[in-house]
């Protein structure tokens, strides 16, 4: 870039600039749309199992197929946004997701429901990776950790609202109505993002090329630190989705025998857990992301241990700690990828999230087998293995690239 271009280029956003909050709020809305659509069926998996006459492992396909499709969609969404721009791709994905969520509410059979959930997963890749890429381009490195924490906090709030709303409503009305409501809210979020999110100022379009796309993926796989970050996403999301896929079955069964309303309300832990993402972002900016990452994983492990207790208040406290630890570790890993990738950033973020959702798909299915064989003890064993591996992985990152 020439000196004249450097002088004329608009500055990146810093925390104390007015436009910073406008961007963050807009991207929080995109996360709300994506994660409401992704997770709204999770607390009603037992309801879907009863409604369609299927088992726990089969019901988890409503999550597993969506996350697999999301991973596939991420392969293409990054290169497409590198060519067409961040905001247009997010808008198309949000509008299409909202319409499909409304269609999901009217699915006449289990197989049609699974097809629609798969299509939704393909579209969500145009939101979850692109909003963070927009941040990496438009926000200063000094404020990036805080911005990522804020947007991830918005993601968790979106997931929480849909889990609580749909989970509680499903005990008092047909599950179709709250699911359709999620679709309507997604369309409203898309309209607000169209109005509020500024056009990219630091985006340079790239020609859509398969050869260049493959070369970019190869480059990221050979960038020190990034492959380990991708593995972190695989392990963390695998543990997180498995936990919330089957905690509802645990609460509905012995020794708790709680109702669907309580299962939905468990997702209220996401509200305080959102602060963990913000705090971890600040700690990452100040002390280095490796320390914040490992501390967050330790909190996850402590929370998981508490969920073995047959006492609901202890289990609830463990669920809160587990969720806070996950969002802290995820925030630091995401911020690390954004800082480390200096080219084709959308594809770097996509690769992290591909690993993220492949982990969710594989571990979520294995968790169903663990539940069918040993109940919650089988799920706990798998989660303990994933968390231990995530901790070891975090310690093994290259010393020159603090995670």
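Every read-out reported here was derived from the displayed coordinates using simple, explicitly stated rules and does not represent laboratory data. What you are looking at is a predicted structure, and each value in this text was computed from that prediction instead of being measured. Virtual Cβ from ideal backbone geometry, glycine too; neighbours counted across all protein chains shown.
Rounded to the nearest 10 degrees, the angle from helix 226-252 to the longest Cα principal axis of the chain is 30 degrees. Computed over the chain, the per-residue total of -39500 (n - 2.57) for DSSP H runs of n ≥ 4 gives a 222 nm mean residue ellipticity of -27000 deg cm²/dmol, rounded to 500.
Note down the relative contact order for the chain as a percent, whole number, built from C-alpha pairs under 8 angstrom at least six residues apart. Don't skip to the end; give the middle numbers.
Details: 767 pairs, mean separation 102.3, N = 403.
Result for the chain is 25 percent.
Neighbour counts of other C-beta atoms within 10 Å: give me 171, 138, 215 arranged from fewest to most.
Working: 171 15, 138 23, 215 12.
Placing the least packed residue first, the sequence is 215, 171, 138.
In the frame of its principal axes, the stretch 272-311 has Cα extents of 39, 19, 7 Å, reported largest first. For the stretch 58-110 versus the stretch 172-188, the spacing of their alpha-carbon centroids is 17 Å.
Between the Cα long axis of helix 110-128 and the first principal axis of the chain there is an angle of about 30°, rounded to the nearest 10. Spin-label pair residue 184-residue 84: with each label point 7 Å from Cα along the Cα-Cβ axis, the two points sit 2.8 nm from one another. A simple spin-label model places pseudo-atoms 7 Å from Cα toward Cβ; at residue 257 and residue 291 they are separated by 5.0 nm. Entry note, the stretch 58-144: relative contact order of 47 percent, from Cα contacts under 8 Å with a spacing of 6+ residues. Hey, what angle do you get for helix 345-374 against the long axis of the chain, alpha-carbon based, 0 to 90 degrees rounded to 10? It works out to around 10 degrees.
On average, how much area does the Cα convex hull of the stretch 231-297 cover when viewed from any direction, in nm²? If you can, show how the numbers build up before the last one.
Values: hull surface 21.4 nm².
One quarter of the hull surface, i.e. the mean projection, equals 5.3 nm².
Rounded, prolate or oblate: which one fits the stretch 67-147, using the alpha carbon gyration tensor with axes a ≥ b ≥ c (rounded when a/c is under 1.5, else prolate when a/b beats b/c, else oblate)? Judged from the Cα gyration tensor, the stretch 67-147 comes out prolate (a/c at least 1.5, a/b above b/c). Sorting 33, 24, 40 from the fewest to the most surrounding beta carbons within 10 angstrom yields 24, 40, 33. Spin-label pair residue 305-residue 372: with each label point 7 Å from Cα along the Cα-Cβ axis, the two points sit 3.2 nm from one another.
Label the stretch 318-395 by shape, choosing from rounded, prolate and oblate, from the square roots a ≥ b ≥ c of the eigenvalues of the Cα gyration tensor; if a/c is under 1.5 it is rounded, and otherwise prolate applies when a/b is larger than b/c, oblate when it is not. Prolate shape, in that a/c is at least 1.5 and a/b is the bigger ratio. In this structure, residue 103 and residue 199 have a Cβ-Cβ separation that, at R0 = 30 Å, corresponds to a calculated FRET efficiency of about 0.45.
In what sequence do 65, 187 fall when counting other Cβ within 10 Å, fewest first? Show your work: numbers first, answer last.
On the way: 65 20, 187 16.
The fewest-first ordering by Cβ neighbours comes to 187, 65.
Within the stretch 212-243, which residues have the backbone N less than 16 Å from the label spot 7 Å out from residue 76 along Cα→beta-carbon, could you tell me? The answer is 213-214.
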